[in-house]
Amino acid sequence: MSADKKPILLETYLTQRSALKRFLTARLGDDAEAEDLLQELYFRLDRAAIQGVIENPGAYLYKMAFNLARDHRRERQRSQARDGQWVESRHLSAGLEPLANEPTADAAYAAKQ
């Protein structure tokens, strides 16, 4: 990234930070996740190696924020699906009869006591 682009993007980030946070909070539904993604956006801007001209730094930042939010939602969905599959694999059944009925860690500990 050329030396003149980074200060413009970082300055735009700082002036529009609260609006970017509202934008991310609206998309994610969670203030803490929005704050985390704002920090990620800042780090990416700081490390970016952007080629070409950025005519509208504000639009560029919103596009980056949108992409981060989309990626975050996708990862969260994949994680939930993966966790759901794991839970289902632990409780297999044939009809109404459970095939794998292992006690939880708490139940196993309580049984040892």
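Each reported figure results from applying straightforward, stated rules to the coordinates on display, with no laboratory input. Small disclaimer: the values here were computed from a predicted structure and weren't measured. All Cβ positions, glycine included, derive from the backbone under ideal geometry; neighbour counts span all protein chains shown.
Tally Lys and Arg at +1 and Asp and Glu at -1 over the other residues with C-beta under 12 Å from the C-beta of Gly58: what net charge comes out? Please list the in-between numbers first.
Details: positive: Arg17, Lys63; negative: Glu11, Glu55.
Around Gly58, the surrounding residues sum to 0.
Please give the length that would be gained between Ala49 and Arg17 if that part of the chain were fully extended, namely 0.36 nm times their separation in residues minus their C-alpha to C-alpha distance (nm, one decimal). List each step's numbers first, then the result.
Details: separation 32, 0.36 × 32 = 11.52 nm, distance 2.11 nm.
Length gained between Ala49 and Arg17: 9.4 nm.
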